[in-house]
DNA sequence: GCGGCTCATATCCGCAGTGTCAGGGGTTCA
DNA sequence: TGAACCCCTGACACTGCGGATATGAGCCGC
């Protein structure tokens, strides 16, 4: 009766796991907070950190893969905005499975 | 004005980041679900997976480090139980910062 | 079309994470 | 005390992640 829960493969990761992986980095958390204030292009985000542009770009792609942000090209710039619908749904789906969290959810 | 958000060091990680790291692994998610049903000792948990006992033990220590589980020795066994208070608080603290999640929180 | 600006991708490097097996410490019981 | 059981830790291998630099692709303005 071993491995009865193993349902994912290396290349198709559960959505919720992807979301948690995306959230499990301080820089990406901070990026989300920046995008919560307002949508920003990549250069603006880079300016907030002591990290190179490619590094930020990769963080953004991780967040995009997790569907936590949405990108849109505007001329030369690429504007990123928060996709808080994913945040909200992920939260309800995962935490809603735990009885101890029910009281905190609507 | 770079790096204005950098507030943590390598060895003192923010609690919320530790929680997300702990949650960002499928095996650990499944362990939490097992412990949500009831508290279990290590052997019982190992029996649910195709992983060695030391591997499960490591996962349990990660969950314990994140304060998501509580361990208690009972004779030969070590019983783990879910600490859903941490789950609930983490959820409210982090997701509560995002306007798009307010409607889902009580 | 060319140069310049913005952003993404390729590649490399160091380190952290996840798995293994071997071994040891704590507990129980005879 | 010693054997048996349960679990943790150490050492190692392999993989993945998060940084960097170099380069390419896309979009302007001239």
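The values are calculated or read from the model by the stated rules, or taken from the named source; none is laboratory data. None of these values were measured; they are calculated from a predicted model. Here the Cβ is made from the backbone with ideal geometry for all residues, glycine too, and neighbour counts use every protein chain on show.
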| query | Quick check: is even one residue across region A:67-84 crowded, with 18+ Cβ neighbours inside 10 Å, out of contact with any helix residue (DSSP H, G or I) (no Cβ under 6 Å at 6 or more places or on another chain), facing another protein chain (nearest Cβ under 9 Å) and modelled with pLDDT of 95 or more? | reply | yes
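Here is a check on your reading of the model: is residue A:75 within 15 Å of DNA strand C (Cβ to nearest atom) and on the phi > 0 side of the Ramachandran plot? Reasoning before the result, please.
Numbers: within 15 Å of DNA strand C (Cβ to nearest atom): yes; on the phi > 0 side of the Ramachandran plot: yes.
The answer is yes for residue A:75.
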| query | What single numbered condition from (1) away from chain B (no Cβ under 14 Å); (2) part of a helix (DSSP H, G or I) fails to hold for residue A:59? | reply | (1)
| Residue check for residue A:40: crowded, with 18+ Cβ neighbours inside 10 Å, modelled with pLDDT of 95 or more, more than 9 Å from chain B (Cβ to nearest Cβ) and under 11 Å from the mean Cα position of the chain (by Cα) | no
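Mind counting the residues in region A:65-88 that are in a helix (DSSP H, G or I) and farther than 19 Å from residue B:94 by Cα?
In the first step, residues of region A:65-88 are kept if they are in a helix (DSSP H, G or I); the result is A:65, A:84-88.
Subsequent filtering for residues that are farther than 19 Å from residue B:94 by Cα retains A:65.
Matching residues across region A:65-88 total 1.
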| remark: When region B:65-88 is checked residue by residue, the ones that are over 13 Å from residue B:45 (Cβ atoms), without any contact (Cβ under 8 Å) to a residue 24 or more places away in the chain and touching a strand residue (DSSP E or B) at 6+ places or on another chain (Cβ under 8 Å) are B:70, B:72, B:73, B:83
| request: Out of the residues in region B:43-54 that are surrounded by 13 or more Cβ atoms within 10 Å (Cβ to Cβ) and in contact (Cβ under 8 Å) with a residue 24 or more places away in the chain, state the one that is nearest to residue B:84 (Cα to Cα). | output: B:45
| request: Go through region B:89-102 and give me each residue that's at the interface with another protein chain (Cβ under 8 Å from one of its Cβ atoms), assigned to a loop (DSSP other than H, G, I, E, B) and touching a strand residue (DSSP E or B) at 6+ places or on another chain (Cβ under 9 Å). | output: B:98
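Mind listing whichever residues of region A:15-42 are part of a helix (DSSP H, G or I), over 21 Å from residue A:88 (Cβ atoms) and touching a strand residue (DSSP E or B) at 6+ places or on another chain (Cβ under 7 Å)? Spell out the reasoning first.
Looking only at region A:15-42, we keep the residues that are part of a helix (DSSP H, G or I), and these are A:15-23, A:26-37, A:42.
With the extra rule that they be over 21 Å from residue A:88 (Cβ atoms), the set shrinks to A:26-27, A:42.
Within region A:15-42, just A:42 meets the criteria.
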